[in-house]
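All remarks here apply to the structure that follows.
The values are calculated or read from the model by the stated rules, or taken from the named source; none is laboratory data. This structure is a prediction, so every number in the text was calculated from the model and none was measured. Don't worry about glycine lacking a Cβ; one is built from the backbone with ideal geometry, like all the others, and counts go over all protein chains shown.
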């Protein structure tokens, strides 16, 4: 009898632990599916590897880029690769989203149907992180630079929280650079 009682208690404890783990991961799973839906709805491939940051440190979707004036939403990959750039925008480098520094995003202009060219100074760029925190930035500079110009990705921001969107211009000969500051 005592053995059956211990087995029953152990099974109940195990089931409770499994239920807790499932509930803790539900938020991340729900967010992953929402981001995948965004990618699919934007006409992107539906075989994006969706994962929680803790499951795949090398490549995960760390945020969603939203530009309300252009009615645009795209997932942001955590790392740059040719395959990722065929699907969406990627983080080139910089601080964690929402932290001081220059959060640099690169993308293939063809994937965005040249929509970044339609941005104007004063437009808002939003990011929704995996933790469901939203960060908003106001565009303060738009310029085209030589493809060798690295000054636009500098982390020297005088303590400001900035974002830089970069894509190709002039058939890849130069870069379109959009700079925003956190509001």
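Hey, among the residues in segment 91-108 that are in a strand (DSSP E or B) and modelled with pLDDT of 90 or more, which one's farthest from residue 175 (Cα to Cα)? Step through it out loud before you land on a result.
Here is the first cut: in segment 91-108, the ones in a strand (DSSP E or B) are 91-93, 101-107.
Add one more test, that the residue is modelled with pLDDT of 90 or more, and what stays is 91-92, 101-106.
Numbers: 91: 16, 92: 14, 101: 21, 102: 17, 103: 17, 104: 13, 105: 12, 106: 10 Å.
Per the criteria, the residue is 101.
Condition check ((1) at pLDDT 95 or above; (2) over 20 Å from residue 61 (Cβ atoms); (3) not in a strand (DSSP E or B)) across all residues:
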residue: 112; (1), (2), (3): no, no, yes
residue: 122; (1), (2), (3): yes, yes, yes
residue: 148; (1), (2), (3): no, yes, yes
residue: 155; (1), (2), (3): no, yes, yes
residue: 159; (1), (2), (3): no, yes, yes
residue: 168; (1), (2), (3): no, yes, no
residue: 176; (1), (2), (3): no, yes, no
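Which residue out of 48, 35 is surrounded by 16 or more Cβ atoms within 10 Å (Cβ to Cβ), modelled with pLDDT under 65 and in contact with a helix residue (DSSP H, G or I) (Cβ under 7 Å, 6 or more places away or on another chain)? Can you show your working first?
Values: 35 fails: in contact with a helix residue (DSSP H, G or I) (Cβ under 7 Å, 6 or more places away or on another chain).
Testing whether each residue is surrounded by 16 or more Cβ atoms within 10 Å (Cβ to Cβ), modelled with pLDDT under 65 and in contact with a helix residue (DSSP H, G or I) (Cβ under 7 Å, 6 or more places away or on another chain) leaves just 48.
Scanning for something free of Cβ contacts under 8 Å to residues at least 12 places away in the same chain, exposed (fewer than 13 other Cβ atoms within 10 Å of the Cβ), over 17 Å from residue 73 (Cβ atoms) and within 16 Å of the chain's Cα centre (by Cα), does segment 91-110 turn up at least one residue?
yes
When the residues of segment 56-75 are filtered to those that are assigned to a loop (DSSP other than H, G, I, E, B) and surrounded by fewer than 18 Cβ atoms within 10 Å (Cβ to Cβ), which remaining residue is modelled with the lowest pLDDT? Before you say what the answer is, go through the steps one by one.
To start, the set of residues in segment 56-75 that are assigned to a loop (DSSP other than H, G, I, E, B) comprises 56-60, 71.
Now narrow it down to the ones that are surrounded by fewer than 18 Cβ atoms within 10 Å (Cβ to Cβ): 56-59, 71.
Details: 56: 41, 57: 48, 58: 59, 59: 66, 71: 86.
Filtering segment 56-75 for residues that are assigned to a loop (DSSP other than H, G, I, E, B) and surrounded by fewer than 18 Cβ atoms within 10 Å (Cβ to Cβ), the one modelled with the lowest pLDDT comes out as 56.
State the number of residues belonging to segment 78-90 that are out of contact with any helix residue (DSSP H, G or I) (no Cβ under 7 Å at 6 or more places or on another chain) and part of a loop (DSSP other than H, G, I, E, B).
4
Exactly one of (1) closer than 16 Å to residue 104 by Cα; (2) surrounded by fewer than 17 Cβ atoms within 10 Å (Cβ to Cβ); (3) under 17 Å from the mean Cα position of the chain (by Cα) is unmet by residue 155. Its number?
Unmet condition: (3).
Here's the yes/no breakdown for (1) in contact with a strand residue (DSSP E or B) (Cβ under 7 Å, 6 or more places away or on another chain); (2) at pLDDT below 90; (3) crowded, with 19+ Cβ neighbours inside 10 Å:
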site	(1), (2), (3)
54	no, yes, no
77	yes, yes, yes
127	yes, no, yes
130	yes, yes, yes
143	yes, no, no
